[in-house]
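Read the structure below first, then the notes.
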Amino acid sequence: MIQSTKPRFWLAAACALLLAAGCTPEPASPAQRLRDAAAAGTPLYGHQDDLLYGHSWNATLDDDLELGRSDVRDVCGGYPAILGLDLGGIEVEAARNLDGNYFELMRLAAIKHHERGGIVTLSWHLRNPLTGGDSWDVSSDRVVASILPGGEKHDDFVVWMDRAADWILSLKGPDGKQIPVLWRPWHEHSGGWFWWGRGHCSDAEYNALWQMTYEHFRARGIEGLVWAISPNYMEQDFEQWETRYPGDAYVDVIGLDCYASTDREAYIARMRDGLASLQRMCEKHGKILAVTETGLEGLPDPHWWTGALAPALKGFPVSYVLTWRNASDRPGHYYAPFAGEPGAADFQVWVKENKIPML
Ligand code: BMA
């Protein structure tokens, strides 16, 4: 997983030659960029819904097709390199996702972010295909079984997968080429709060669900997908999360979802324990390590970035770290700084000290 500097030298030399010959080299793939960031010890930073809204504003289809605003940029002068978006709702052909974002605006944001040189990651808080409830509806333990081949909801679910695939296929740059995406379905499956989580389907069913999704997306011709699996940290049994792992052929990135409380030491210990376990897995299986979701809601600790996050990550080859959304309609539900937020200065220091590459 760790890259030597030699290939990078030759890559740079090849790029120089191409440029001299008047050709534009292909930008590095997202997977390569993640590997490089991990090897350099300078993780990329990601923020969920960064271009769609912030603590006290919303981009709209009427007045902000440029998608220029970002709470993070307001604080540190650059956009996060990773933009997180969620497809929840696409499966039922909703105009907006579960958090109120128009899919049309999300598409523009994804394309704009790609043009700025960023990487787009997609999660999917989809509805419950058996009960009609949401992702958190765990009233039935038969949901996954019902959508696997042979299940009574399988055919309906193929339509849901197609709608998600269609949206991803619609992400095209001005050159008509498909935008590569970091795709992170079926996340936090080591917890029990989603219908695909532990206790609501067997390990074999979970793995079959992932494999089915993978094969379907491949059959739909989606190019350049990087597949990320995100177990959430569990106090007990974290090492056991691997039983819910579809296999090396289906996964590129292994990332930890782990949120903070105001108890810094407890957060640091949980993160380091979780990351140590995932790092072992990544080294054994040749995968890329990440922190796919983290954050402290409402940032009551104004030195959280340097005092909690930095020591939690220290020494791990983490490719990127994503904090969750700054909801515009819930004043206390934010995970990234914004102008005037008490922890904004500490975020700036964290970015500078850790050489976090921004756009
Ligand atoms: C949760 C909260 C919810 C949101 C969900 C999916 O952590 O932010 O408000 O609906 O993520 O984005």
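Some points to look at:
- For segment 13-148, size of Cβ-based charge dipole, Lys and Arg +1, Asp and Glu -1, in debye: 480 debye
- Helical contribution to [θ] at 222 nm, DSSP H n ≥ 4, -39,500 (n - 2.57), averaged over the chain, rounded to 500: -10500 deg cm²/dmol
- Tally of Lys pairs whose C-alpha atoms are under 16 Å apart, taken over the chain, 8 or more apart or cross-chain: 4
- Rounded percent of accessible protein surface that carbon and sulfur make up, the chain, 1.4 Å probe: 52 percent
- A Gaussian network model of the chain, with springs between Cα atoms under 10 Å, assigns the largest mean-square fluctuation among GLU26, GLU104, GLU242 to GLU26.
- Placing unit charges on the Cβ atoms only, positive for Lys and Arg and negative for Asp and Glu, gives the chain a dipole magnitude near 1240 debye about its Cα centre.
- Heavy atoms of ARG33: accessible area, 1.4 Å probe, square angstrom to 10: 70 Å²
- When you filter the chymotrypsin sites (Phe, Trp or Tyr not before Pro) in segment 130-183 for DSSP loop state and at most 12 other Cβ atoms inside 10 Å of their Cβ, you are left with TRP136.
- Percentage, to the nearest whole number, of Cα pairs in the chain over 33 Å apart: 26 percent
- Accessible surface, per residue, of the chain when the full set of protein chains is kept, probe 1.4 Å, Å²: 41 Å²
- Prolate/oblate/rounded call for segment 184-270, Cα gyration tensor, a/c under 1.5 rounded: prolate
- Most mobile listed residue (VAL92, VAL251, VAL291) in the chain, GNM with C-alpha springs under 10 Å: VAL92
The values are calculated or read from the model by the stated rules, or taken from the named source; none is laboratory data. Computed from a predicted structure; not experimentally measured. Note that each Cβ is placed from the backbone with ideal geometry, even for glycine, and that neighbours are counted across all protein chains shown. SASA here: full protein model, heavy atoms, side chains in, ligands and nucleic acids out. Shrake-Rupley method; radii C 1.70, N 1.55, O 1.52, S 1.80 Å.
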